[in-house]
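See below for the structure under consideration.
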Amino acid sequence: MKKKWIAIIITAVLTLGCLLAGCGDKEKHGEKTKYGTSTEGKFVVGFDQEFPPMGFVGEEGEFTGFDLELAKEVANRLNLEFIPNPISWDAKDLELSSGTIDCIWNGFTMTGREEDYTFSKPYLNNKQVFVVKKDSKIQSLEDLTGKMIEVQTDSSAEAALKEKKELASTFEKIQTVPDYNTAMMDLEQGAVDAIAMDEVVAAYQIQSREENFKILEEEISSELYAIGFLKGNSLLKENVEKVLTEMVNDGTMKKLSKKWFGSDITIFK
């Protein structure tokens with residue numbers, strides 16, 4: 001019995017000592033890791049797997065996309081294991097604060113969220129634009145008067161049009177669809193005259209459809225995309241930004257942008 005109590009006391013002392021010393025913090029919070037990641041040697045990126053071309057499930061079941069390719073290259077150059085982690089978008093803050101992911105990198109809008117995260121410098125200026133058929137006579141926003149417009153439900157473009165009431169009032173009708181693949185087919189078949197959508201999505205869709213469409217020059221609104229880190233995690237942010245600067249200088253970022261969007265639309269400096 002005496003030995004049992006001695007063992008219990010030793011265990012309690014060791015546990016208390018570990019708690020005071022912060023045992024496990026390195027793995028959970030990344031405070032003592034070299035790059036500021038949650039787990040030594042790994043770079044875990046949280047993303048929405050249903051947001052092509054930024055991050056999505058490819059034809060062979062693999063995780064792919066512009067953002068994920070950027071993130072993977074960053075991990076490689078930092079000698080970290082790249083782990084793409086699909087998350088529920090509603091739970092992104094919990095995933096980040098618990099250390100399950102190191103950052104949110106998936107067409108993440110920093111506009112209006114600047115105080116909630118430690119953000120990288122923006123790398124894309126995502127505009128909300130109109131897409132029409134390549135041979136359409138529609139050249140400007142004025143030409144959309146009396147036209148049928150389509151937009152994805154709960155998208156940034158839909159929100160932008162709700163704010164631009166004066167512009168929206170000139171259309172014959174604004175109808176919503178669940179996804180942009182449906183919208184592009186409707187436009188191709190002449191069921192609608194134009195689609196309001198994110199420029200990054202539009203560029204990807206146009207490139208993958210043999211460029212039979214065009215984007216109007218006049219934008220509806222715009223928002224900046226950046227990488228979101230846990231508030232205060234400047235170490236990881238700075239390390240990632242250093243690598244992104246290298247990728248700009250050696251042309252890697254431009255190359256990836258052309259691959260996914262057909263042109264270089266990045267703004268990282």
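The values are calculated or read from the model by the stated rules, or taken from the named source; none is laboratory data. What you see is a predicted model; the values in this text were computed from it and never measured. Here the Cβ positions follow ideal geometry from the backbone for every residue, glycine too, while neighbour counts run over all protein chains shown. Only protein heavy atoms, including side chains, enter the accessible area calculation; ligands, DNA and RNA are left aside. Shrake-Rupley method; radii C 1.70, N 1.55, O 1.52, S 1.80 Å.
A few points about this structure:
- Solvent-accessible area per residue, Å², over the chain with all protein chains present [probe radius 1.4 Å]: 53
- Unsatisfied cross-links (Cα-Cα over 31 Å) in the set LYS231/LYS254; LYS72/LYS231; LYS72/LYS134; LYS72/LYS173; LYS134/LYS162: LYS72/LYS134; LYS72/LYS173
- Length gained when the stretch LYS255-SER136 is fully extended (0.36 nm per residue, less Cα-Cα span): 39.8 nm
- Of GLY36, GLY251, GLY61, the residue with the greatest mean-square motion in the GNM of the chain, using alpha carbon springs below 10 Å, is GLY61.
- Projected label distance in nm at THR153 and LYS165, using a 7 Å step from Cα toward the beta-carbon: 2.5
- Relative packing of 80-86, 212-218, which averages over residues the other C-beta atoms within 10 Å, highest first: 80-86, 212-218
- Angle between the chain longest axis and helix 199-208 axis [Cα atoms, degrees, rounded to 10]: 70
- Rg to Rh quotient for the chain, alpha carbon positions, Kirkwood Rh: 1.12
- Comparing VAL248, VAL45, VAL131 in a Gaussian network model of the chain (Cα springs below 10 Å), the most mobile by mean-square fluctuation is VAL248.
- Start at zero, step by 10 Å, and the Cα-Cα distances of region 177-269 spread as 13, 36, 29, 17, 5, 0 percent across the bins.
- Take the Cβ atoms of SER208 and ILE267, set R0 to 22 Å, and the FRET efficiency comes out at 0.45.
- Split the accessible area of the chain by element, probe 1.4 Å, and carbon with sulfur accounts for 50%.
- The helix-only estimate of mean residue ellipticity at 222 nm for the chain, built from DSSP H runs of length n ≥ 4 each weighted as -39500 (n - 2.57), is -11000 deg cm²/dmol after division by the residue total.
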